[in-house]
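Right, one structure below, let's go through it.
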Amino acid sequence: MQRVVCNGSMKKIGLTLGGGGAKGFAHIPILEVFDEMGIKPCCITGTSIGAILGALYASGHSAADIVGMIEQLMVPRNARFKEIIRNRDSFKVLSMIDPHFSFKPKGLIKGEKFFGFLYDQMEVSTFEELSIPLKTVATDFWGRKPVVFDSGDLLPAVRASMAIPYIFTPVVANDRVLVDGGLMNNVPHDLLDPKCDIRIAVDIMGEQSTPKNKPPSPLEAIFHTYQVMMDAMAQEKLASHPVDIYVQPPLMDIEMLDFHKAEAIYEQGLAAKDGFKRQLETLLEGKAPKLGWLRRK
């Protein structure tokens with residue numbers, strides 16, 4: 001497979017896809033822009049769901065291909081209950097869930113079935129086989145440090161990157177317990193190749209419309225504490241490693257495990273597409289970027 005490398009006369013683009021669970025469906029409109037413009041990033045970095053979509057895109061699949069894969073797992077939004085019951089394909093997404101039954105479970109979901117499906121879709125097994133160089137981030141749980149993968153077996157690295165503690169079973173490799181990379185570096189644009197002329201980062205954390213004076217429920221306390229931490233690290237990373245385009249799709253009231261809302265998340269993500277495309281075209285043409293309020297007109 002021929003690789004996209006960071007050389008040649010055209011400006012070199014580095015793309016980072018941030019983590020956020022189900023919110024990652026908002027990455028797809030950004031990938032669509034590359035397909036519509038007929039260009040490819042010369043390298044990709046990603047964490048968690050960003051690592052998954054980054055791996056799919058780096059393996060040569062288009063944004064439309066990725067949508068097709070997702071549709072295989074989704075139940076039609078307007079399907080009636082009887083139709084769902086009669087249609088075995090409607091249960092494909094349920095068949096991807098393999099609970100970890102144990103008196104002392106290491107995670108609620110093992111993830112082996114989903115990654116078997118992912119392996120079949122990508123049709124590659126190593127980083128070296130990807131057409132676009134990719135780096136993914138996981139976290140050494142007990143070592144309390146990030147672990148970056150860019151070579152060797154692809155699936156274990158991607159699986160480790162998205163192993164949200166206790167939700168998914170961690171990956172144990174080389175005497176390390178590896179979990180979700182979002183604990184250390186949720187938007188890893190600092191790992192982009194320094195040869196890139198244009199650096200792009202996509203942060204999908206979104207916002208909540210919950211009243212600011214509302215005490216959180218136990219579940220909200222767990223997941224939003226996690227997100228507060230990731231957002232704080234992302235802002236610190238942006239201050240120390242500036243990028244040319246920082247995209248934040250205007251996601252509202254989407255939780256990390258809202259995978260059943262794939263279509264709604266994609267539609268919310270579309271709101272960032274046109275603005276991102278204009279910014280990218282401007283940078284590729286070498287023009288000074290316009291002010292934000294002018295772009296929106």
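The values are calculated or read from the model by the stated rules, or taken from the named source; none is laboratory data. Note that the structure is predicted; figures quoted are calculated from it, not measured. Virtual Cβ from ideal backbone geometry, glycine too; neighbours counted across all protein chains shown. Accessible surface is based on the protein model in full, side chains and every heavy atom, while ligands, DNA and RNA are left aside. Shrake-Rupley method; radii C 1.70, N 1.55, O 1.52, S 1.80 Å.
Think of each Lys and Arg Cβ as +1 and each Asp and Glu Cβ as -1; about the Cα centre, that makes the dipole of the stretch 114-240 roughly 500 debye. Highest mean packing first, where packing is the average number of other Cβ atoms within 10 Å per residue, the peptides 267-274, 187-194, 18-25 line up as 18-25, 187-194, 267-274. The residues of the stretch 170-297 present an accessible area of 57 Å² per residue when probed at 1.4 Å with all protein chains retained. Relative to one another, the C-alpha centroids of the stretch 137-157 and the stretch 162-197 are positioned 5 Å apart. Farthest towards the positive end of the charge dipole of the stretch 216-272, among the residues SER240, ALA264, PRO218, is the Cα of SER240, using unit charges on the Cβ of Lys, Arg, Asp and Glu.
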